[in-house]
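Note sheet for the following structure.
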Amino acid sequence: MTQLPDDLTTLAEHFGIALEFKDWKQRDLEISQESVTAVLGALGVDASTAESRAAALTELRDAQWRRVLSPCTVVEFGQGVSIDVHVPAGSRVEVSLALETGGVRPGQQIDNWEDDRWIDGAARGEATFFFGSDVPLGYHRVIAEGQEGRFEATLIVTPSHVGFPASMGEKRTWGYATQLYSVVSQRSWGVGDLTDLADLIAFSGAEQGAGHVLINPLHAAQPAAPMEPSPYLPASRRFLNPLYIRPESIPEFADLGKPDQSQIDRLRKPLRAPDGEPRAIDRDASWKAKQQALRMIFAVGLRPARKILFDHFVRREGASLRDFATWCALAVEFGNDWREWPQQYQDVSSAEVRRFADEHADDIEFYTWLQWIAGQQLSAAQTVAEEAGMPLGVITDLAVGVSRSSAETWAMPDLFADGVTVGAPPDDYNQSGQDWGQPPWRPDKLEEVAYAPFRDMVVAAMRRSGGVRIDHIIGLFRLWWVPQGLGPRHGTYVRNNHEALIGILALEAHRAQALVVGEDLGTVEPWVRRYLARRGILGTSVLWFENDEGRPLDAHRWREYCLASVTTHDLPPTLGYLAGDHVRLRDSLGLLTEPLEEELEAARDGQSAWLEKLVADSVLDGEHMEDPAEVMLALHRYLLRTPSRVLLASLTDAVGERRTQNQPGTIDEYPNWRVPLGDASGDAVTLEDVFDAELPKRLAAVMNGTEPGAQET
């Protein structure tokens, strides 16, 4: 291993910066001094010289003792709560705990043999206070009162285990995964919306026996063209994309006059593609027309009871909603990238921004109203799930991060590391590595604000849903930081406080009685999966990746605590995968490092092993090995042989689609996130077509174990 200076190594260890890592071939690779120095710079630490590193180390050692209280402590219930306090040596301090539910608990001082330290010309001491092992779950306030005044900090007590929500009982459940924007109906505006979601839920729950529908992130995007097509590169993870609103489903639509209703119908009709035409999803065209309709409905106003609910929503969401709505209005005025706005509007707290908000109060109320309406329509979809008897209903998806030009980087700039983005190191699927273009949260700054933005985001994701999928949940443990200009091959891992982040996730899931699924594919440290299982958070198992030394993993060896599926949105649907479409696509885009024929042969070998396994395990008749639809159904039968409690079938598989929704490592080279739902021939499929098609019925029978000849497994 290349020898880095000792002081640089110490700084890296303090901030959780990896100095080496294992790649997908289990090789130990070293991180360069250039990469480590760049990542430290993104954390506000100048590590370019020996002198600057020495100064940084001194500041880090002293900073902890200057603070009376650490800003946030996170513990699991039953562990026991001890709080360290730093005060002038020999001075008295009283420490108490204000419980979230009311009441105050005094701290009991216990032995602490840490020596006093000389900080800023004066001696400071450390004392420890114990609050017991029975502090209830929740967000509590630690209060220290002494010679230097009164200080407060946050204590978060989290459940040790989440597990399955009570609504599931001891039963297994299955459901569809879908990219909602691609599921277009005869009444939608060229993009699948929340009313389409409710209708899909009604069909899959009441008629097909499904227990949930997993959708793509509904995170807010830009309020003006061009709108980012990727739902995983949002403008905000806390707020919703109003593109998914169905204007005609808003109660106030009924209060419009007939001429206005007719005008809204005329706005919608051009967005519908002719039957069977595979027209790409055009978010900008849809939003341009839909926004006109929404403005007309907004102008109607609210009846008194609805106004009361809206005002309550505004109070509940607070300053964050106001800032987001202000960002929307500014983005429409000056463009979607706030870094290119006039300087006076780049600071969320500036007088010019406040003046702009006052002058554009009606616009800001409109963008606030859109969030309320979107939330109501998502809630209505969950109500349909409950009425259909679904044990879970909607499972939302939480993206890894936000774009650099997002509302969140504008409203909370200090929380994001500067000069780096997150991605992934090279792996077997993307051998050049990936740069997702998302700035990471700074772990140290998140702790300073007691993880409040993370908590707010998680609460929003679980509101009126049965569960949440955390995309790249490994990011709550560590993220691959890519310094600008160096590329993803020359990044490094930076650790997050997973005890805090997973703990908050567990606490909010406990309160919401929601299922939590972590997407834990790719290169994962073995202990991470064990930790997630202990905390009752499901992992993700994709059949094509479930192997043991190159052979298909026996069904009985799959995890119980996982969301099991055949494919994922980063792969083609099963019919396309069986045909090798993913290999040819990557070759056409220049993403392969090996010759095409070698890659195709490797893909065929992996598929052949699975086909043999399906036949051997009696879920596929050997005579049907060349029939893609029969193989697809057999692959899903295999899922039922596993102990996995939550199963997933892709809606694209249910209609025989072959095209992938997303090709990692590309942006516009492939129409990522713009592919409408289609059949094996590439013809567009509407939601109404799904209701009447035969293949979804066959797939549902497989997932329910009710097809002719099905046996209990």
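The values are calculated or read from the model by the stated rules, or taken from the named source; none is laboratory data. What you see is a predicted model; the values in this text were computed from it and never measured. All Cβ positions, even for glycine, are placed from backbone atoms using ideal geometry, and neighbour counts span all protein chains on display. Ligands, DNA and RNA are stripped out before the accessible areas are found, and what is left, the full protein with its side chains, is counted by its heavy atoms. Shrake-Rupley method; radii C 1.70, N 1.55, O 1.52, S 1.80 Å.
Quick one: in segment 553-594, of everything that is among the hydrophobic types (A, V, I, L, M, F, W, C), touching an Asp or Glu at 6+ places or on another chain (Cβ under 8 Å) and modelled with pLDDT under 95, which residue is surrounded by the most Cβ atoms within 10 Å (Cβ to Cβ)?
Val583
Restricting to segment 255-278, count the residues that are of a type in the set (D, E, K, R), open to solvent by less than 70 Å² (accessible area, probe 1.4 Å) and touching a Gly at 6+ places or on another chain (Cβ under 9 Å).
Final tally of qualifying residues: 1.
Inspect segment 284-300 for any residue being open to solvent by 60 Å² or more (accessible area, probe 1.4 Å), over 15 Å from Gln371 (Cβ atoms) and among the acidic types (Asp, Glu) and give the result as yes or no.
The answer is no, given that none of the residues of segment 284-300 is open to solvent by 60 Å² or more (accessible area, probe 1.4 Å), over 15 Å from Gln371 (Cβ atoms) and among the acidic types (Asp, Glu).
Thr706 passes all but one of (1) closer than 19 Å to Pro274 by Cβ; (2) out of contact with any strand residue (DSSP E or B) (no Cβ under 7 Å at 6 or more places or on another chain); which number fails?
Here Thr706 clears every test but (1).
Of the conditions (1) out of contact with any helix residue (DSSP H, G or I) (no Cβ under 8 Å at 6 or more places or on another chain); (2) at pLDDT 95 or above; (3) within 20 Å of Trp24 (Cα to Cα), Ala450 satisfies every one except a single condition; which number is it?
Evaluating Ala450 over (1) out of contact with any helix residue (DSSP H, G or I) (no Cβ under 8 Å at 6 or more places or on another chain); (2) at pLDDT 95 or above; (3) within 20 Å of Trp24 (Cα to Cα) leaves (3) as the failure.
Looking only at segment 101-133, count every residue that is assigned to a strand (DSSP E or B) and in contact with a Lys or Arg (Cβ under 9 Å, 6 or more places away or on another chain) and tell me the total.
Of the residues in segment 101-133, 7 are assigned to a strand (DSSP E or B) and in contact with a Lys or Arg (Cβ under 9 Å, 6 or more places away or on another chain).
Go through segment 489-547 and report how many residues are among the charged types (D, E, K, R) and either within 16 Å of the chain's Cα centre (by Cα) or assigned to a loop (DSSP other than H, G, I, E, B) (or both).
Qualifying residue count, segment 489-547: 6.
Would you call Ser465 among the polar types (S, T, N, Q), open to solvent by less than 30 Å² (accessible area, probe 1.4 Å), over 29 Å from Phe164 (Cα atoms) and not in a strand (DSSP E or B)?
no
Say whether the condition of being buried (at least 21 other Cβ atoms within 10 Å of the Cβ) and assigned to a helix (DSSP H, G or I) is met by at least one residue in segment 14-23.
Within segment 14-23, not a single residue is buried (at least 21 other Cβ atoms within 10 Å of the Cβ) and assigned to a helix (DSSP H, G or I).
I need every pair where a residue in segment 243-269 that is within 17 Å of Ser379 (Cα to Cα) has its Cβ under 8 Å from the Cβ of a residue that is open to solvent by 70 Å² or more (accessible area, probe 1.4 Å) and in a helix (DSSP H, G or I), sequence separation at least 6 or different chains.
Pairs that qualify, where the first residue is within 17 Å of Ser379 (Cα to Cα) and the partner is open to solvent by 70 Å² or more (accessible area, probe 1.4 Å) and in a helix (DSSP H, G or I): there are none.
Being in contact (Cβ under 8 Å) with a residue 12 or more places away in the chain and among the polar types (S, T, N, Q) is the filter; apply it to segment 554-609 and report the residue that is nearest to Glu626 (Cα to Cα).
If we take residues in segment 554-609 being in contact (Cβ under 8 Å) with a residue 12 or more places away in the chain and among the polar types (S, T, N, Q), then Gln607 is nearest to Glu626 (Cα to Cα).
Find all pairs meeting these conditions: Cβ atoms under 6 angstrom apart; at least six residues apart or on different chains; first residue within segment 663-685 and touching a residue at least 60 places away in the same chain (Cβ under 8 Å) and assigned to a loop (DSSP other than H, G, I, E, B); second residue surrounded by fewer than 16 Cβ atoms within 10 Å (Cβ to Cβ) and of a type in the set (A, V, I, L, M, F, W, C).
As it stands, the answer is Thr666/Leu589; Glu669/Leu589; Pro671/Ala280; Arg674/Ala280, since those pairs meet every condition given.
So that you can scan it fast, the table gives a plain yes or no per residue for (1) in a loop (DSSP other than H, G, I, E, B); (2) touching an Asp or Glu at 6+ places or on another chain (Cβ under 6 Å); (3) surrounded by fewer than 24 Cβ atoms within 10 Å (Cβ to Cβ):
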site: Ser167; (1), (2), (3): no, no, yes
site: Tyr181; (1), (2), (3): no, no, no
site: Leu197; (1), (2), (3): no, no, no
site: Gly209; (1), (2), (3): yes, no, yes
site: Ser230; (1), (2), (3): yes, no, yes
site: Phe239; (1), (2), (3): no, no, no
site: Glu248; (1), (2), (3): no, no, yes
site: Glu252; (1), (2), (3): no, no, yes
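Filter segment 42-71 down to residues that are within 25 Å of Gln484 (Cα to Cα), β-branched (Val, Ile, Thr) and crowded, with 19+ Cβ neighbours inside 10 Å, then give me how many there are.
Here the count works out to 1.
From the list Val348, Val314, pick out the single residue that is modelled with pLDDT of 95 or more, surrounded by fewer than 20 Cβ atoms within 10 Å (Cβ to Cβ) and assigned to a helix (DSSP H, G or I).
Going through Val348, Val314 in turn, the sole match is Val314.
Taking the condition over 22 Å from Glu76 (Cβ atoms), open to solvent by less than 10 Å² (accessible area, probe 1.4 Å) and either out of contact with any strand residue (DSSP E or B) (no Cβ under 8 Å at 6 or more places or on another chain) or modelled with pLDDT of 95 or more (or both), does Trp113 pass?
no
Taking segment 573-601 on its own, how many of its residues are farther than 19 Å from Leu635 by Cα and either of a type outside the set (Lys, Arg) or not in a helix (DSSP H, G or I) (or both)?
The qualifying residues number 17.
Scan segment 365-401 residue by residue and report those that are open to solvent by 20 Å² or more (accessible area, probe 1.4 Å), assigned to a helix (DSSP H, G or I) and of a type in the set (A, V, I, L, M, F, W, C).
Result: Ala380, Val384.
Condition test on Leu40, is it closer than 28 Å to Pro526 by Cα, assigned to a helix (DSSP H, G or I) and within 27 Å of the chain's Cα centre (by Cα)?
Yes, satisfied.
So which pairs qualify, if the first residue must be in segment 693-709 and closer than 15 Å to Gly205 by Cβ, the second must be open to solvent by 40 Å² or more (accessible area, probe 1.4 Å), the Cβ gap must be under 6 Å, and the two must be at least 6 apart or on different chains?
Note: pairs meeting the criteria are Asn704/Gly209.
For the condition open to solvent by 40 Å² or more (accessible area, probe 1.4 Å) and touching a Pro at 6+ places or on another chain (Cβ under 6 Å), what is the one hit in Arg404, Arg339, Arg354?
Arg404 is the lone residue from the list that is open to solvent by 40 Å² or more (accessible area, probe 1.4 Å) and touching a Pro at 6+ places or on another chain (Cβ under 6 Å).
Would you mind telling me which numbered condition in (1) touching a residue at least 40 places away in the same chain (Cβ under 8 Å); (2) open to solvent by less than 10 Å² (accessible area, probe 1.4 Å); (3) in a helix (DSSP H, G or I) Leu640 fails?
(2) is the only condition that Leu640 fails.
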